[in-house]
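See structure below.
The values are calculated or read from the model by the stated rules, or taken from the named source; none is laboratory data. As the structure is a computational prediction, the values presented were derived from the model and not from experiment. Neighbour counts run over all protein chains shown; Cβ positions are idealised from the backbone, glycine included.
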Amino acid sequence: MRRLALALAALGPTACATLPPQRASLDQGLLIARVGVRGSFFTRSIKWADQAEVVALDAAGVPVPGLRARAGYAANGYVIFFGMPAGRYVLREASFKARGARYQVRMPRDAEAKRTVALPAGKAVLLGDYVFDTRPPEFPVALERAARIVGHWLTPFLSRPLIPRDTSLRDYDAGPAKETEALLAVRDALKRTQWNAVVAARLRELSAPEPAKTAGALRTREIPLREEKFLSWRDTLKWGEPRRGPTGVAWRRPGGEAMVAIFFTTAAAPGFGGWEAAVSELRRAAAESVEDRGGLYEVRVATRTGVAARVTKYQYPDGVLVGSETAVLVTETLLIPDGAGLFTARLRAPRGEFEAALPGYREFLLQLVLGPPKAKPAPKQEAVLPFSGGP
């Protein structure tokens, strides 16, 4: 408990920093919240909080005295709490700047237990996505608050007045879709920090797909999905139409020798030994490689994570003395587990071309949708009443 108290107390000076603090321990996690307040007259206008406060709860859901944390770092409309130890938390208040003042919003206490989150050690969790409606205050209260705002305009060198905002909770959501949206929104702001690994790990746990790639400078549009029997893909490679087989598709780089292939092996296929056997064979191939001895590593594919290895081979053309003329070929083979079998993705190219093709290949893998395309819903049938009646 003392460690928790010290960790929360330490957030005070770091929370208002313009840059995220460094991750001091692998046990430290992230809490993310978004709080929006709709205007009282212009209801489509929403102000997003840039500061917030949470309290720590004990096993019975009772706030622990003195254990609270404030966050003042916001990215893309989300407030982020850094360096949080494992425990149970609930959002208590948030605030935003407007018209020369800072407006404070307090979370309703009713049904608070349903908005409590458990933060595991070293993880990232969404506290919730809140949207509030503003309720106009009584006339004397409105006059008093307006006077405080005007007073600040006359003394801008003083700190902004903190003014309560009368609100009612319109919507609250902390489901997987909202959590994915939040993690993707803060990811770019944290990509050069140690917290990026925490966000990436949670996205993998949620099997969160990457946002659909778009194209076009002035009028962007989503690159459409192209459907095959066992997966769907977006043409981010721009290598032209693939060659198709019964369970595979392959592309060749125009004007080059790089090739990308993706195929699916069903669990019922002859000779299929399962995931462990496939990984063992991949490891054996990597160990026999001249330059890439031993290495297996993870690569993200769509909403999943696969295991990959890189193999370098030297090819000697027939009739040429060994060592006088060689072609160095690099192949990365990637295995992705599936309940019905195994996906395999492969990039093969001459060494110089391999490195040039690799970034585009990685992006292509993130845009895949593995598995058979979803069946399109049947068109709605409108009931037609038979014509009746005389001429």
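Here is how the numbers come out for the structure above:
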read-out: Residues located in the range 80-139, provided they are among the β-branched types (Val, Ile, Thr) and closer than 18 Å to VAL64 by Cα; value: VAL90, THR116, VAL117
read-out: Residue in the range 208-246 that is farthest from ALA357 (Cα to Cα), counting only those that are in contact (Cβ under 8 Å) with a residue 60 or more places away in the chain and among the small types (Gly, Ala, Ser); value: ALA208
read-out: The range 329-370, residues that are of a type in the set (Lys, Arg), in contact (Cβ under 8 Å) with a residue 60 or more places away in the chain, more than 16 Å from THR247 (Cα to Cα) and touching a strand residue (DSSP E or B) at 6+ places or on another chain (Cβ under 7 Å); value: ARG348
read-out: Failed criterion for ASN76 (all others in (1) surrounded by 15 or more Cβ atoms within 10 Å (Cβ to Cβ); (2) under 26 Å from the mean Cα position of the chain (by Cα); (3) among the polar types (S, T, N, Q) hold); value: (1)
read-out: In the range 98-122, the residues that are basic (Lys, Arg) and out of contact with any strand residue (DSSP E or B) (no Cβ under 8 Å at 6 or more places or on another chain); value: ARG99, ARG109, LYS114
read-out: Matching residues, the range 94-124, being closer than 17 Å to LYS178 by Cβ and crowded, with 21+ Cβ neighbours inside 10 Å; value: ALA94, MET107, LEU119, ALA124
read-out: Candidate set: the range 104-143, residues that are out of contact with any Leu (no Cβ under 9 Å at 6 or more places or on another chain), charged (D, E, K, R) and at pLDDT 90 or above; chosen: the one nearest to ALA200 (Cα to Cα); value: ASP129
read-out: Count of the range 192-217 residues which are over 20 Å from GLY175 (Cα atoms) and assigned to a loop (DSSP other than H, G, I, E, B); value: 8
read-out: Selection count where residues are of a type in the set (Gly, Ala, Ser) and surrounded by 13 or more Cβ atoms within 10 Å (Cβ to Cβ), scope the range 213-229; value: 1
read-out: Which listed residue is more than 22 Å from LEU169 (Cα to Cα), at pLDDT 90 or above and part of a strand (DSSP E or B), from GLY36, GLY83; value: GLY83
read-out: Selected residue [out of contact with any helix residue (DSSP H, G or I) (no Cβ under 7 Å at 6 or more places or on another chain), among the polar types (S, T, N, Q) and surrounded by 14 or more Cβ atoms within 10 Å (Cβ to Cβ)] from SER280, SER232; value: SER232
read-out: All strands (runs of 3 or more DSSP E) inside the range 274-391 with 3 or more residues being within 20 Å of ARG252 (Cα to Cα) and at pLDDT 85 or above; value: 304-315, 327-338, 341-350
read-out: Condition met for VAL54 (free of Cβ contacts under 8 Å to residues at least 40 places away in the same chain, buried (at least 19 other Cβ atoms within 10 Å of the Cβ), of a type in the set (Val, Ile, Thr) and in a strand (DSSP E or B)); value: no
